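Following: one structure in structure tokens, then a few remarks.
The values are calculated or read from the model by the stated rules, or taken from the named source; none is laboratory data. Keep in mind it's a predicted model, so treat the numbers as computed, not measured. Reconstructed Cβ throughout: ideal geometry from the backbone, glycine too, with neighbour counts over all protein chains shown.
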Amino acid sequence: MQTRSDVMKKRIRADDSRFLSNRSPFFHNVRMLARYSARMNAILKPAGLDVPKWRVLMLLVEGRPLTVSQIADEAVVNISTMAKIINRMTDDGLVTTRTSSTDARSTDVFITEQGERVLELVREKVSYLFKEALRGLTKAEVQLLNTLSVKIYDNLSP
């Protein structure tokens, strides 16, 4: 006996614009990122971090100060939300802030030694999760995934 799903699949043409989860890369990406975020949060929580704080630290650890708005842009987060995250991180001793020397309207954010130590605590487990998530993919497939992700992101950018 045919299931409702089998019947629906037969009625849907390849050029049909209706949403179908099995044909939507966005559906699959949201599922993948939700699972990745849940696993990341489980790793980060014992160190007092969550994914947004980890993103900020990873952006700052490259050694250059960034403004709150630059971090918000990179993390694709509303600037007011990012300001709150950075305020909490300042309270936790993970970052420091100061008025930009080139633009008094901007606030530069710097990683502290404490922020670097916390990153070091989780780095090995985060690296393992990253490798586990990409297990079975070739280097070329990972590069293609990155390339396609950037293209789609750019397509969706204002």
- Task: Please tell me if Leu59 is touching a Phe, Trp or Tyr at 6+ places or on another chain (Cβ under 8 Å) and assigned to a helix (DSSP H, G or I).
- Result: no
- Message: If a residue must be part of a helix (DSSP H, G or I), surrounded by fewer than 16 Cβ atoms within 10 Å (Cβ to Cβ) and not aliphatic (A, V, I, L, M), how many such residues does the range 40-52 contain?
- Response: 3
- Item | Exclusive hit being acidic (Asp, Glu) and in contact with a strand residue (DSSP E or B) (Cβ under 8 Å, 6 or more places away or on another chain), set Asp108, Asp73 | Asp108
- Task: Could you tell me whether Arg105 is farther than 23 Å from Arg35 by Cα and not aromatic (Phe, Trp, Tyr)?
- Result: yes
- Query: Restricting the first residue to the range 133-158 and requiring it to be without any contact (Cβ under 8 Å) to a residue 24 or more places away in the chain, which pairs with a second residue that is of a type in the set (D, E, K, R) and in a helix (DSSP H, G or I) meet a Cβ separation below 9 Å and a spacing of at least six or different chains?
  - Reply: Leu134/Glu141
- Item | Residues (touching a residue at least 40 places away in the same chain (Cβ under 8 Å) and among the acidic types (Asp, Glu)) located in the range 104-125 | Asp108, Glu116
- Conditions: (1) assigned to a helix (DSSP H, G or I); (2) surrounded by fewer than 18 Cβ atoms within 10 Å (Cβ to Cβ); (3) not charged (D, E, K, R). Val122 meets all but one. Number of the miss? (2)
- Item | Enumeration of residues in the range 78-95 that are surrounded by 15 or more Cβ atoms within 10 Å (Cβ to Cβ) and not in a helix (DSSP H, G or I) | Asp92, Leu94, Val95
- Item | Of all residues in the range 53-69 being in contact with a helix residue (DSSP H, G or I) (Cβ under 8 Å, 6 or more places away or on another chain) and surrounded by fewer than 18 Cβ atoms within 10 Å (Cβ to Cβ), the one that is nearest to Arg135 (Cα to Cα) | Met58
- Task: Find the residue count for the range 96-116, including only residues that are assigned to a helix (DSSP H, G or I) and surrounded by fewer than 12 Cβ atoms within 10 Å (Cβ to Cβ).
- Result: 1
- Quick check: anything in the range 10-26 in a loop (DSSP other than H, G, I, E, B), at pLDDT below 95 and aromatic (Phe, Trp, Tyr)? yes
